[in-house]
Amino acid sequence: MKISKPLLIGGVVGLLLAVAFYFVSNQLRPPELHGIVMQSPNPAPNFTLMGADGQEVDLRDFRGKFVMLYFGYTFCPDVCPSTLNDVRKAVEQLGDEAEDLQVVMVSVDPNRDTPEMVDAYVKKFNPTFVGLTGSTEQVLAAATPLGIFYEAHIDEGDNYPVDHTASIIGIDADGYVRYIFPYGITSEEMASDLAYLLR
């Protein structure tokens, strides 16, 4: 049976359109994410803490950037340094894309950590990272609305540990909580997720 030229052309065009749709739909499909996507109806509660220069810093001061907000402490023996090291590697993998990112660590150990100590600590990992802390009341006011738990075991002596939530909160450029990076996520997974979130 002879196939007419218009029918043949139509078939080829249809096939090309199907192939193009397949590739475009795969490009638009979000990648497999390794954390938890959040859809907060309201902006993250603002808080005020102290920076290394003695100036008050509000969470909303970072609007316009995607904020990775981590609560830890400088005397932490393992979890905090390993987490910040993974964040450092992820930021390096992002390259120029990291310009739209701000990493902030809030100390949950205000009895020992001064703002200067926290900021110097995080800058050992990356000079763009920001460290903040404040009074016991200020830190509690910052952590509690975001669901961050911490407890200092002061009865164990000067070198006491502080149990704390080890996940990282991702806050978008408009101030909404959009993502949770769970503890244990690798730097490669973190970089992959951030590349998608920063689009």
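Every read-out reported here was derived from the displayed coordinates using simple, explicitly stated rules and does not represent laboratory data. No experiment lies behind these values; they were computed from the predicted model shown. Note that each Cβ is placed from the backbone with ideal geometry, even for glycine, and that neighbours are counted across all protein chains shown.
Which order do H34, H153 fall in if you start with the one that has the fewest other Cβ atoms within 10 Å?
Fewest-to-most ranking of H34, H153: H153, H34.
How many Å³ per residue does the convex hull of the Cα positions in the range 113-199 occupy?
Numbers: hull volume 11.7 nm³, N = 87.
Per-residue hull volume (Cα only) is 134 Å³.
Using a cut-off of 15 Å between alpha-carbon atoms, which aspartates and glutamates can reach K123, once sequence neighbours fewer than 8 places away in the same chain are excluded?
Within the straight-line cut-off, K123 pairs with D53, D86, E92, D113.
What distance in nm separates the two pseudo spin-label positions at R199 and M38, each 7 Å out from Cα along the beta-carbon direction?
2.2
In sequence order, what are the phi-derived ³J(HN,Hα) couplings for the range 34-45 according to the Karplus relation 6.51 cos²θ - 1.76 cosθ + 1.60 with θ = phi - 60°, rounded to whole Hz, with x for glycine and proline?
Result, rounded to whole Hz: 10, x, 10, 7, 10, 10, 5, x, 10, x, 4, x.
Once fully extended, how much extra length lies between N111 and D163, figured as 0.36 nm per residue of separation less the alpha-carbon to alpha-carbon distance? Mind dumping the intermediate values first?
Numbers: separation 52, 0.36 × 52 = 18.72 nm, distance 1.45 nm.
Between N111 and D163, full extension yields 17.3 nm more.
Which translational diffusion coefficient, to the nearest whole µm²/s, is obtained for the range 71-159 from the Stokes-Einstein equation, given a Kirkwood hydrodynamic radius over C-alpha pairs, 37 °C and 0.692 mPa s? If you can, show how the numbers build up before the last one.
Details: Rh = 13.8 Å.
Translational diffusion coefficient: 237 µm²/s.
Just to verify a number: FRET efficiency for D174 and I154, C-beta to C-beta distance, R0 = 41 Å, to 0.05? Please list the in-between numbers first.
Numbers: r = 38 Å, r/R0 = 0.94.
So the FRET efficiency works out to roughly 0.60.
Roughly how far apart, in whole Å, are the Cα centres of the range 51-108 and the range 128-188?
For the range 51-108 versus the range 128-188, the Cα centre distance is 10 Å.
How high is the FRET efficiency from Q93 to S135, r the C-beta distance, R0 41 Å, rounded to 0.05?
On the way: r = 36 Å, r/R0 = 0.89.
The computed FRET efficiency comes out at 0.65.
Find out how many positive minus negative residues lie around T186, taking Lys and Arg as positive, Asp and Glu as negative, among other residues whose Cβ is under 10 Å from that of T186. Please report the intermediate quantities before stating the final value.
Values: positive: K89; negative: D86, E188, E189.
Here the charged neighbours net out to -2.
Taking amide H positions as placed in the peptide plane 1.01 Å from N, state which residues far from Y179 in sequence (5 or more) or on other chains have amide H under 5 Å from it.
M38, G170
Order of L33, L101 from fewest to most other C-beta atoms within 10 Å? Let's see the in-between values first.
On the way: L33 13, L101 19.
By the 10 Å Cβ count, ascending: L33, L101.
Order of 84-92, 144-152 by packing, highest average Cβ count within 10 Å first? All intermediate terms of the calculation are to be shown ahead of the outcome.
Numbers: 84-92: 19.7, 144-152: 14.6.
So the order, starting with the most tightly packed, is 84-92, 144-152.
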